[in-house]
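Worksheet: the structure to be examined is printed underneath.
Where a number appears in this text, it was derived from the coordinates with a stated rule and is not lab data. Quick caveat, the model's predicted, so the values are computed rather than measured. Cβ coordinates were reconstructed from backbone atoms using ideal geometry, including for glycine residues, and neighbour counts include every protein chain displayed.
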């Protein structure tokens, strides 16, 4: 019996009609399948850069897992640009802070009423 050469899998999530979800290898000639909770800590190929990485809790939730180097969280402008002289300041804000800023933008100011 000849063994196929082992390779690192490029996992993709599949959801069956029954509701069960699994990861399967998307590479040709590979029929590897694994339950999603069991994929934690396994080597995988990143869908964005193509490098190998270990699946962590964050990438486990993705349909096409990517590495931490390729993960770009949404960056919100801390200050809106009112003129061209104002510098752009990028910062990571929590959901609470983003919602607070959005509410402040929508609410009319006291002088507008």
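Structure above, values below:
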item	result
At R0 = 22 Å, FRET efficiency that the Cβ-Cβ distance of residue 7 and residue 61 yields, to 0.05	0.35
Gain in span if fully extended, residue 31 to residue 102, counting 0.36 nm per residue against the direct Cα distance	20.9 nm
Förster radius 25 Å - calculated FRET efficiency between residue 18 and residue 43, Cβ distance, rounded to 0.05	0.30
